[in-house]
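> Just dropping this structure here.
Nothing in this text is a laboratory measurement; each read-out follows from the coordinates by a stated rule. Treat the numbers as computed from the prediction; the structure is a model and nothing was measured. Note that each Cβ is placed from the backbone with ideal geometry, even for glycine, and that neighbours are counted across all protein chains shown.
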Amino acid sequence: MSMTSTLKKDFMDGIRNYKFLIIFAGFMFFALLTPIMNKLVLPGLLKSQFPGMDQETMNSMLVTTQIGNIRGYLGDIFEIGMIIVSFTFCGAIAMEIREYTLILPVCSGKRYSEIILSKMIVFGLSLILVTTVSILSNYLYSGILFGFEIDGVIPVLKAGILQGLYMVFILSVIVFLGTLMRNQIIVGLLTLIFAYVSRLLGNLLDINGFTPAGLLIEAEKLENGSAAGLYITTAITIGLIVVFVAASILKLRKTDLTRR
Amino acid sequence: MLPEILTTEIVLMLLPLVAIQLGLMVFCLVKIFKEGVENLSKGLWALIVICINLLGPAIFLIVGRRKDLK
């Protein structure tokens, strides 16, 4: 079988198991919800809770800018979007090993590298596409509600792609963990712990610029140009993706796919 | 407060959000009662899908959907 058929199989898996639907709905939901919450719901809520509060104090407690909204959305996606991504793709390899479906492509002559790379390409591209479309929707919504502040869509596109690249890194962690253990829920939980702890450690030790989480910090800046630090963070992230993919292929080669 | 800011433009902006939420909910409820469920009872899955915004349907599609359908 050629690589095209593997890609097609994973694409069909994404459709049949509603993986694309879940990530698209999840990301779009938060992209559209954040500006609407900040414009419609939160001011009303504050007014009803603190009737005597003056407008200036209220404005200081609310997000009233387009940039603030996009940053809020990016923060939401790291917290909740990560849960959606981790549990949507947690079965990518783990479940196939557990349900002995991975043995079929192996027996039909497919290489392990083909199997892993195909998943990374199909699901990775879908993640980059979804993050980019979602952040553009958030940009449009928050712009209509709060006024357009950002000069052009390039910084927004850049933020979406950086966020997508971070999600691809998370996908590589999921795939690697999937080769180590067969329980998909444990894979999802460990991925979440890994993502949150690595970001926390990066913040505490001030080394986020040298970890994939630095991509998210760079995305939140919503700047037009590219700082030198961004190239380092991107290179480290791509390097780590390659390491995790290679480790997954090596681990799969040593895994007995028929073991019950 | 709310009626003042609920202009046609805002209502139109709210539509995709409502469509995503309601669409997912109806889609999952149809799947629950037509195709069956795994891990929990149908009633409990229906409750999760209706009560937990977005994450409810997502959780159902990942772990609650019956996968052995031909």
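> With θ set to phi - 60°, apply the Karplus curve 6.51 cos²θ - 1.76 cosθ + 1.60 along segment A:117-125 and write out the HN-Hα couplings as whole Hz, x wherever there is a Gly or Pro.
Per-residue couplings from phi come out as 4, 4, 5, 5, 5, 5, 6, x, 5 Hz.
> Ignoring everything except DSSP H segments at least 4 long, calculate the 222 nm mean residue ellipticity for the protein assembly as shown; use -39,500 (n - 2.57) per segment, divide by total residues, nearest 500.
Calculated from helices alone, the mean residue ellipticity at 222 nm is -24000 deg cm²/dmol.
> Another one. Work out the FRET efficiency for A:Ser60 and B:Leu47 from their Cβ-Cβ distance, taking R0 = 56 Å, and round it to the nearest 0.05.
Calculated transfer efficiency: 0.90.
> Considering the alpha-carbon set of segment A:138-197 alone, what are its Rg and its Dmax in angstrom?
17.0, 49
> Follow-up. Strictly over 32 Å apart at the Cα level, which of A:Lys251/B:Lys31; A:Lys254/B:Lys67; A:Lys9/A:Lys158; A:Lys251/B:Lys67; A:Lys254/B:Lys34 would you flag in this model?
Correct reply: A:Lys251/B:Lys31; A:Lys254/B:Lys34.
> Right, here's the next one. Looking at segment A:193-260, which GluC sites (Glu not before Pro) are DSSP coil and have at most 16 other C-beta atoms within 10 Å of their C-beta?
Sparse-neighbourhood loop GluC sites (Glu not before Pro): A:Glu223.
> Just going by the charge dipole of segment A:71-226, with Lys and Arg at +1 and Asp and Glu at -1 on Cβ, which of A:Gly188, A:Leu140, A:Cys107 is farthest out on the positive end?
Of the listed residues, the answer is A:Cys107.
> Measuring from centroid to centroid over Cα atoms, what is the spacing of segment B:49-70 and segment A:82-97 in Å?
Each part's Cα centre sits 14 Å from the other's.
> Full-extension gain between A:Leu136 and A:Leu104, please, as 0.36 nm times their residue separation minus the C-alpha to C-alpha distance.
Length gained between A:Leu136 and A:Leu104: 7.5 nm.
> Treating only the Cβ of Lys, Arg, Asp and Glu as charged (+1, +1, -1, -1), what charge dipole size does chain A show about its Cα centre? Round to the nearest 20 debye.
Taking the Cα centre of chain A as origin, the dipole is about 1280 debye.
> Further question on the same structure: What is the distance, in nm, between label points placed 7 Å from the Cα along the Cα-to-Cβ direction at B:Leu22 and at A:Thr4?
4.3
> How charged is the neighbourhood of A:Gly178? Take every other residue with its Cβ under 10 Å from the Cβ of A:Gly178, and add Lys/Arg as +1 and Asp/Glu as -1.
Neighbourhood net charge equals +3.
> Give me the net charge of A:Met3's neighbourhood, meaning all other residues with Cβ under 13 Å from the Cβ of A:Met3; Lys, Arg count +1, Asp, Glu -1.
In short, +3.
> If you look at just the Cα atoms of chain A, how large are its Rg and its Dmax in Å?
My reading of the Cα-based Rg and Dmax gives 20.4, 72 Å.
> Then there is this: With Cβ to Cβ distances under 9 Å as the rule, what net charge do the other residues near A:Ala227 carry (K, R +1; D, E -1)?
Once all neighbours under 9 Å are counted, the net charge is -1.
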